[in-house]
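Only one structure is covered here, and it is reproduced in the block below.
No value in this document is a laboratory result; all are computed from the given coordinates. Since we're looking at a predicted model, the values are computed, not measured. Cβ atoms come from the backbone with ideal geometry, glycine included; neighbour counts cover every protein chain shown.
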Amino acid sequence: MLKLDVVDMRTRIKKALCVLKAEKADALLVWNSEGSGQPATAWLSGFTGSWSILLIAAKKQILRSSTTRGAFFVKGGRENFLITDGRYAEQSKREAKEYEILITSEAHPTCAILRRLVCRCKVTKVLFDGTVTPYSVVEDLRRELPEVVFSSQKRALQELRIVKGKEELGILSEAAKIACRSFKKLIPFIQVGITEREIARRLESLCLLEGADNLAFPIIVASGKNGALSHAKATDKKIKRGELLTIDFGVRYKGYVSDMTRTVAVGEISPQLFRMYEAVRAAQERGCRKIKAGMTGKELDTVCRNSLVRRGYGKYFTHGTGHGIGMEVHELPVAAPGNFGRGVLPAGSVITCEPGVYIKGVGGVRIEDTLVLTKKGNANLAARVAKKLLILRC
Ligand SMILES: [Mn+2]
């Protein structure tokens, strides 16, 4: 996780406070259940431990004298609180500089701490993200704090992260570079007779050697007919001459991820497969040329979808064109048909462009780049790996 300076962290907290204002709430609750891996806590505080609760309160006037009797209150009048347990007493202090740290113990259980904070900051309405907060937690809180209204906003925490800051774009670009280098080094390794799983393993180790902290998700390697399954897992199937081979992978780097897909030909392929490939390439390249901030996710999807429809592959394009990406592989915004894609894509958002064609019994093609949207167009983070069909001589 990148060390942000205090100004950047305050900007993020301010964004959260704007959401509170819009929802007429007093405080934002970010519940990071043990092992949930939700990234909002790290994004809003810098804290990377496995269990914590953030409470960001909007009210400025904090009663310091009468409500600081508890041993766990540090004086200072902060409005940002981080509750965690003894394991993280040191780490939380080091990482979450903008927060007052409160450590749970037998004498100071979570609910008692929350009650004191709510009281101290005069909180009457708490906003939480219904998509990442466990139902049982909300039930408990409503029972323990009956005087407080708990209000859910779906994906509120993801919405905060749609527009990326400069430092985030720098890491995303670095992650994409690691992926591009790894993919290029993988190419000479691919040959007839090796298995999909062997290719996935080699690519994984190349990613780590090139500087990735980890993979972002299990690598998809789909050859021949397996390519018709858009999210196939790498199997023990051997690569054969004349097949298309789709590789979809991403790296994790400093808390952020990359995502790219390329389809290559293993030796000469049939005219039918080549037509399929060229149709997807045309659609994907059209997307990359046309996509810019200000479009809706649906409009973005239509750019690629219409191109495939015109070539007769419309019914074989069975998923949305793209998804936002950042600390998670699938974030907002969404580029898809229908209601999912109704949101306008802002400048500074990062989204994949990944049309595909999947034909049962024949095979599949997908090409995916990650694009940073600007008012005039976009910057392609995966531009280092070409999209003209690569025919492996093996
Ligand atoms: Mn993707």
| note | The rounded separation in angstrom of the Cα centers of the range 200-228 and the range 94-146 is 40 Å
| query | Suppose every K and R has +1 on its Cβ and every D and E has -1 on its Cβ; what is the size of the dipole of the chain about the Cα centre, in Debye to the nearest 20? | reply | 1100 debye
| Angle in degrees between helix 196-209 and the longest Cα principal axis of the chain, rounded to the nearest 10 | 50 degrees
| remark: Asserting the computed 222 nm helical MRE of the chain (DSSP H runs at least 4 long, -39500 (n - 2.57) per run, divided by residue count, to nearest 500) equals -10000 deg cm²/dmol
| Sites Ala383 and Lys14 - FRET efficiency at Förster radius 35 Å, r taken between beta-carbons, to 0.05 | 0.55
| Three semi-axes of the equivalent ellipsoid, the chain, Cα gyration tensor, whole Å, largest first | 46, 22, 17
| task | Set Lys and Arg Cβ to +1 and Asp and Glu Cβ to -1, take the dipole of the chain about its Cα centre, and tell me which of Ile291, Ile194, Val163 lies farthest positive. | result | Ile291
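I need the peptides 295-302, 90-97 ranked by packing, meaning the mean over residues of other C-beta atoms within 10 angstrom, with the highest value on top. Mind showing how you got there, number by number?
Numbers: 295-302: 21.0, 90-97: 16.8.
Packing order, densest peptide first, comes out as 295-302, 90-97.
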| note | So, with points 7 Å from each Cα along the Cβ direction, the Arg87-Asp5 label distance in nm works out to 3.4 nm
| said: Could you tell me the calculated FRET efficiency between Thr318 and Gln272, based on Cβ-Cβ distance and R0 = 25 angstrom, to the nearest 0.05? | reply: 0.85
| remark: Cα-based Rg/(2.2 N^0.38 Å) for the range 238-394, rounded to two decimals, is 1.02
| note | Over all viewing directions the Cα convex hull of the range 82-145 casts an average projected area in nm² of 5.2 nm²
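Semi-axes, largest first, in whole Å: what does sqrt of 5 times each Cα gyration tensor eigenvalue give for the range 6-160? Intermediate values should be presented prior to the final figure.
On the way: eigenvalues 77, 66, 57 Å².
In descending order, the three semi-axes are 20, 18, 17 Å.
Quick check for me: using +1 on Lys/Arg Cβ and -1 on Asp/Glu Cβ, what's the dipole size of the range 166-392 about its Cα centre, in debye to the nearest 20?
Numbers: 36 positive and 22 negative charges, 155 e Å.
Once rounded to the nearest 20, the dipole reads 740 debye.
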| task | Give the value in nm², to one decimal: projected area of the alpha carbon convex hull of the range 128-239, averaged over all directions. | result | 10.7 nm²
| query | Which of the listed residues, Val362, Ala282, Ala176, is farthest toward the dipole's positive end in the chain, when Lys, Arg count +1 and Asp, Glu count -1 at the beta-carbon? | reply | Ala282
| said: Just to compare against my own numbers: the Cα pair-distance distribution for the range 170-315, 5 Å bins, whole % per bin, please. | reply: 2, 10, 17, 17, 19, 17, 13, 5, 1, 0
